[in-house]
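Structure first, then comments.
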Amino acid sequence: MDVIKAIRERRSIRKYKPTEVSDEKIDTILQAGRWAPSASNKQPWHFIVVRDHSIRSRLAEAHAYGRFMKESPVVIVVLGDPTKHPKYHLADPHNAVQNMLLAAYHQGLSTCWMGVRDTDIEPAFRQLLNIPEDFRVICAVSVGYGDQERTSTRLSLHEIVSWETFGNKNK
Ligand SMILES: Cc1cc2nc3c(=O)[nH]c(=O)nc-3n(C[C@H](O)[C@H](O)[C@H](O)COP(=O)(O)O)c2cc1C
C-alpha cells in the first residue's frame, strides 16, 4: 500500500471482530516499530504484546477510554526506557507507535492508540503487566479486524503552517 494513502486513510477504530491476528502480522507490526527513527539510535522502547483475554479485560477495566481492549484480540503496550535514553525515552516510543499503526493498516488491520503516560492509569498497567519501576508506560494500542467505519477531520494547512517566519501565510 502506498504510504501516503495509509497515512490518510488510517482511522482510530474502537470496535473489533473476534477474528484472531496471525503471528506474522503481529511480527510485521513490531518490526515497523523497531525501525522507527530514534535519537542517537538508542531505541529506548519496549513492547508488550497482550493476547490473553483476562489480562486484556483487566487493562480495559483500568482504562476508561480503552474499554475496547477487551474486544480487540491484541493489545500492544508501549514502554519508554529512560536507562537507554534519559531525554528521548518518551519521544522515541511515540515514533514507533505511528509506524506500528501504519503497518497494521497496511495489513488490513485496525488500531487505536490509547494514552497511558502521566495519567492515573499508569500504575495500574505497571502492576497488571509486572512492568519495572524504571520504565514509563507510554500507551496501549489495540489491534484487530475492525467492525466499524469511521471518518475524521484535521485542521487545514492554512491554520497550522507558516512560511519563512511564524505567522506569514504567503508562500
Ligand atoms: C496520545 C494519544 C492518546 C490517545 N488516547 C486515546 C484514548 O485513550 N482512547 C481513544 O479511544 N482514543 C485515543 N486516541 C485516539 C485519538 O482520539 C484519535 O487519533 C483522534 O480522535 C483522531 O482520529 P483518527 O485517529 O481516526 O484520525 C489517542 C491518540 C493519541 C495520539
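Annotations
- If only residues of the range 44-76 that are β-branched (V, I, T) and either free of Cβ contacts under 8 Å to residues at least 60 places away in the same chain or part of a strand (DSSP E or B) (or both) are counted, the one that is most open to solvent (accessible area, probe 1.4 Å) is V49.
- Residues of the range 1-25 satisfying the condition of being more than 25 Å from I131 (Cβ to Cβ), touching a Leu at 6+ places or on another chain (Cβ under 8 Å), surrounded by 12 or more Cβ atoms within 10 Å (Cβ to Cβ) and β-branched (V, I, T): I7
- So H158, is it at pLDDT 95 or above, at negative phi and in a loop (DSSP other than H, G, I, E, B): no
- Those residues of the range 77-118 which are crowded, with 17+ Cβ neighbours inside 10 Å and of a type in the set (V, I, T), in sequence order: V77, V78, V97, T111, V116
- Count of the range 77-109 residues, restricted to those that are assigned to a loop (DSSP other than H, G, I, E, B) and under 25 Å from S40 (Cβ atoms), is 10.
- Pairs are defined by a Cβ separation below 6 Å, a sequence spacing of at least 6 or placement on different chains, a first member in the range 110-137 that is under 29 Å from I7 (Cα atoms) and part of a strand (DSSP E or B), and a second member that is among the acidic types (D, E) and within 16 Å of the ligand (Cβ to nearest atom); the pairs so defined are V137/E122.
- Neighbours by Cβ (under 9 Å, 6+ apart or cross-chain): first from the range 21-38, on the phi > 0 side of the Ramachandran plot; second in a loop (DSSP other than H, G, I, E, B) and surrounded by 17 or more Cβ atoms within 10 Å (Cβ to Cβ): none
- Of all residues in the range 4-26, those that are more than 16 Å from the ligand (Cβ to nearest atom) and more than 15 Å from the chain's Cα centre (by Cα) total 9.
- Residue check for T28: hydroxyl-bearing (S, T, Y) and either within 18 Å of N130 (Cβ to Cβ) or in a helix (DSSP H, G or I) (or both): yes
The values are calculated or read from the model by the stated rules, or taken from the named source; none is laboratory data. Since we're looking at a predicted model, the values are computed, not measured. Cβ: placed from backbone, ideal geometry, glycine included. Neighbour counts: every protein chain shown. These area figures cover heavy atoms from the full protein model, side chains too; ligands, DNA and RNA do not enter into them. Shrake-Rupley method; radii C 1.70, N 1.55, O 1.52, S 1.80 Å.
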